[in-house]
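Take a look at the structure below.
The values are calculated or read from the model by the stated rules, or taken from the named source; none is laboratory data. Since the structure is predicted, the reported quantities are computational estimates derived from the model, not experimental observations. Note that we place each Cβ from the backbone using ideal geometry, even for glycine, and neighbour counts take in every protein chain shown. The protein model used for the area step is the full one, side chains on, heavy atoms only, and it has no ligands, DNA or RNA in it. Shrake-Rupley method; radii C 1.70, N 1.55, O 1.52, S 1.80 Å.
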Amino acid sequence: MPEKPDVLQGTLALMVLKTLDLLGPLHGYGIARRIEQISGDLLAVNQGTLYPLLLKLEHEGAIASEWGASENNRRARFYRLTRAGHKQLQTETRDWEQTAAIIARFFAAKGEDLA
Amino acid sequence: MKSVKRFFVRLSKLAAGHHDDRRLREEMAEHLAQQRSDNLRAGMSPGEAHRQAVLKFGAAEAIREEYHSEQSLPLIENLLFDLRYAVRMLLRSPGFSFIAITTMALGIGATTAIYSVIDATLLHPLPYPNPSELVRVVDDLPGVGAQGVGISVPEWRDLESSGIFQSAAITGTGANVNLTGSAQPLRLSFKQVTPNYFSVLGVDAQLGRTFDPHDATPGYNLEVVLSDGLWRREFGADPHILGKALRLDNDVYHVVGVMPRGFRDQGSTSEEQNVELWLGAGFAGVPFPPPLRESRLRSRAVIARLKPGLSIETAQRHLDVLVDSLKKQYPAEYPAQTAWTVRLIPLSETVVGNVRQSLVMLFGAVGLVLLISCVNVANLLLARTSVRSREIAVRQAMGAQRTRLVRQLLTESLLLFLLGGIAGFATLFFTRKFLLRLIPESLPHLNDISINWGVLGFALVVSVAAGTVFGLAPAWLMSRLDLTGTLRQEGRGSSGSLGRSRARQVLVVTELALSLVLMVAAGLLLRSFWDLFAVQPGFNPDRVMAIETWLPGPNDPTTDPYQTATQEAVLLREVLRRSRTLSGVQEAAVGDEDALPLGHSQPSRLPLVQEGDREGIETKENQAPLIESPIVSPEYFHLLGMPLERGRLFTNQDLEDTPQVAVINQAAARTYWPNQDPIGKRVRLHLDTRGLSSSAEPAWTTIVGVIADARTESLADAGIPQIYRSMYQRASKEVIIFLRGQLDPSAISAQEREQVQAVDATLPVFHAETLGEVLSTSLSVRRFSMEMVALFAATALLLAGLGIYGTISYVVNEQRREIAVRLALGAQRGNILKMVLRRGLGLAAAGAGLGVAGALIVSHLMAGLLYGVSPNDLPTFASVTVVLAIVALAACYIPARRAMRVDPIVALHEA
């Protein structure tokens, strides 16, 4: 089985925000499962690091939390995206797309084009 | 800026730390539970489900800790942790903690106590606004060796208009006045001041007003301001006191204001400060002498407030310029040989009186005690290393950094010192009333001494500083362990602990040296005091009582029933006659306040003008030397046992209308008529201005007798020149009645009052004391210093003894195996004892040597306080060293005996 590369911290935040944006309010375990799913099991998530990140995001105001009942009627914290989080998500998405586009141009460049 | 912001964010997060941590823990537990149940549903066994869940999750603890360390301030966190640990360690060994805290409480408590006295007396002596602007203006005539000759009214006016001062005021130095009209005639202390006095001080009345600064009445303006104390005591805090008429010395004054509670006049003695009445006067009209430039007002001080922002040096320079110009303008009044100068002295310096030296010495002494306490506690801390060496070694082996260890050990020391400091301060605070009663009353500013925030601050600062300095060395030494050796428990006393044991020995030697210094100081002071106490005063104070009365001095001399000496003589003779009829009285005499031996605070000095000296030039009055001049009745000398050497004493035939005569003492004869017979020589003494409205030329006074020297001014000084005049020739308003005989001190005051008031019912009679009491009061400040230093020395000795006991115990303990081996090999127990004792005495000898050197330095520094004993006094040094040796020996003996009784088998078996 090939080594699953580790996820960078900054990108994990982005993944969390996007997940919440796509699927609405989720509890911590749910977010972890979804990220695992979406990444197609290609990423090894050190799942424990999710929780400090969720706390940090909440302190920053990008997400908000409240208590609720999970599927098997256990008490869990549900996180949802705030307006500020939404804006942050949009900004970061744009930044990523820009970066990706620039890198793609570099990869696509051939020696002869640069004289 | 960003790092500062980060700091504050972390600080706030620190507070929220617990909350976040709990939440993380909860959510992580939830996640694991859900993962486990998912795994179970996927078909794993419970154990496998759990394991897989944990593996997938990652290291929960590590994650939490990492989050935590990012969020909080490790510094403060560690500090709190260290503190908690330190408290636990202190509680673990209560005996050690108790001794250490008590020792520090003693040291810091004593130091803080002395500091509070210094705070009140030396540091903040002036409770007025902007005290740094207040100065005293002193006139000197250095050309004739005269200082503080007093200012004249025109000079004062020049000062006011010079532009150097906001305003300048003339003030008396505390004189007496009779208040009549209440139940008993009262004698009170008052000051005559120019009307701008209170505006110079900057304090306003609480009721009514103070004097109008522009009031230009030349004499007394017949207004009086009362003190709050007087208002409450005698007038029951009557709100309608303003405008009330009071009779002071038979003159009618009206109350215009009451000063606030807690206001105290400036002055260096309690008498000056306890002034209760202020009378405004222009010093230029009746009853003052006419305001001529050369008529100086003696016993009057000038205080002034400098213009804001003007430094004293600059002001002094301006003043010197003014003085020069005045000297040129009035050459007749300022002859060149007198070299008239005017000095400015900060008022705060003049009001501390002569206790500064004693207080500084006391502070030095208590500082030594503090040092010894600190050294003792440092020693105790070091001793604990042998108990805790394993713990520290294990911690180092597990990876604790040296600095971390040092920090933690330092926290423990600091905690100890701080607790000691707080305990000392608390003890001081709760016993302050008791302690205040121990202080002699003649200490100025006694009422100002309080335990306030500044004092607490001082205690805390000293605790922290001492804790840092004296805790750092043991902490550093403790962390320098030989790891493997300690862990393997290779014999104690190995090289790893050599540094520590040497440090301990150095500390003990220092302790011994310091306590030797203190003991020498105490011994020298004790001998000084004893010698002073035992010195022959030159007069006989046994069975003599002094009772005071005061004759009124109304402003208009023509209304004075005792204006002339002849009129007063009638009163005095009658009082003396009646006094002799009292039971137990053998002799009676009267004198003025200067005639009370050792009992007057400021003797009045008059210029002595001699008739023709060797060059045949008559000395001018403003160049003449000043001499003390008590006034007495003829029986005085016999009553006090002052023998006549040459010539004769006063007789009842020396009256106002017969030629003026005087009696001098040997010192005066030696000083002013060396190698001549003073009998028959004539002098002129400037007369007291009180009661005299005309500036009549005083008559010549002839010297008729010489008496032996007596220590009536100061027990320490025998040769102060004095010239006595007769009460029947020269009247004085202050009358002290001296009685000798088998007297009952409690009853005599009432009896005498009866007799005096039978002659004149308006005269107050007060202050009955025996001359023995007067003598001991004059020594009270010295006695207090001596007692304090002796107390400190005893404490220091005790602490040093404990220190040596501790060290030798430790050494014995360390060397148990060695001793056991020796005993097993056949050494005599007596030899063991001697070995240990020798060790201890070696330390004592080193300490004594160092101490003697230090003591010599200190004794030379305090030579000014000693009397009759030289700073190198051999008996004191020798006896103190012997005492130290005995104490050291005793302290070594107990551990030495313990060493002697070591059972070799048991000791060798001890792992």
For peptides B:233-244, A:60-71, sequence by mean Cβ density within 10 Å, most packed first: A:60-71, B:233-244
Surface share of carbon and sulfur [accessible, 1.4 angstrom probe, percent] for chain B: 59 percent
By average C-beta atoms within 10 angstrom, highest first, the peptides B:469-477, A:96-104, B:333-341: B:469-477, B:333-341, A:96-104
For peptides B:749-758, B:419-428, sequence by mean Cβ density within 10 Å, most packed first: B:419-428, B:749-758
Residue B:254 accessible area, assembled protein chains, probe 1.4 Å, Å²: 80 Å²
Gain in span if fully extended, residue B:25 to residue B:872, counting 0.36 nm per residue against the direct Cα distance: 297.4 nm
Label-point separation, residue B:744 to residue B:901 (7 Å along Cα→Cβ), nm: 6.3 nm
Average beta carbon contacts from partner chains per residue of B:22-32, 10 Å cutoff: 5
Length released on extending from residue B:99 to residue B:439, taking residue separation times 0.36 nm less the Cα-Cα span: 119.5 nm
Helix B:829-861 axis, angle to chain B major axis (alpha carbon atoms, nearest 10°): 40 degrees
B versus A: buried accessible surface, summed, Å² (probe 1.4 Å, to nearest 100): 1900 Å²
Formal net charge of residues neighbouring residue B:567 (Cβ-Cβ distance under 11 Å; K, R +1; D, E -1): -3
Nearest-0.05 FRET efficiency for residue A:59 and residue A:104, computed from C-beta distance (R0 30 Å): 0.30
Residue-averaged beta-carbon neighbours from other chains (10 angstrom radius) around B:51-60: 3
Angle in degrees between helix B:402-430 and the longest Cα principal axis of chain B, rounded to the nearest 10: 40 degrees
Inter-chain Cβ neighbour average for residues A:27-36, partner chain, 10 Å: 3
Solvent exposure ordering (accessible area, 1.4 Å, most first) of B:311, B:732: B:311, B:732
Segment A:44-115: trypsin sites (Lys or Arg not before Pro) in DSSP loop, at most 16 other beta carbons within 10 Å: A:74, A:110
Theoretical ellipticity at 222 nm over chain B - DSSP helices of four or more residues, -39500 (n - 2.57) apiece, nearest 500: -17000 deg cm²/dmol
Span from the segment B:328-378 Cα centroid across to the segment B:111-157 one, whole angstrom: 10 Å
Cα gyration tensor of the protein assembly as shown - equivalent ellipsoid semi-axes, whole Å, descending: 83, 43, 26
Gyration tensor (Cα) of chain B, equivalent ellipsoid semi-axes in angstrom: 72, 38, 25
Net +/- balance of residues flanking residue B:720 in space, Cβ distance below 9 Å, scoring K and R +1, D and E -1: -3
With DNA, RNA and ligands ignored, accessible area of residue B:564 (1.4 Å probe; Å², nearest 10): 50 Å²
Theoretical gain in end-to-end length, residue B:679 to residue B:209 [0.36 nm per residue, Cα-Cα removed]: 163.6 nm
Long pairs among A:18/B:56; B:328/B:681; B:244/B:733; B:327/B:733; B:244/B:433; B:681/B:733, criterion Cα-Cα beyond 30 Å: B:328/B:681; B:327/B:733; B:244/B:433
Reference-scaled alpha-carbon Rg (2.2 N^0.38 Å with N residues) for segment B:296-385: 2.03
Cut-off 14 Å between beta-carbons: net charge of the residues surrounding residue A:19, Lys and Arg +1, Asp and Glu -1: +1
Rounded to 10°, Cα long-axis angle of helix B:74-92 versus longest principal axis of chain B: 90 degrees
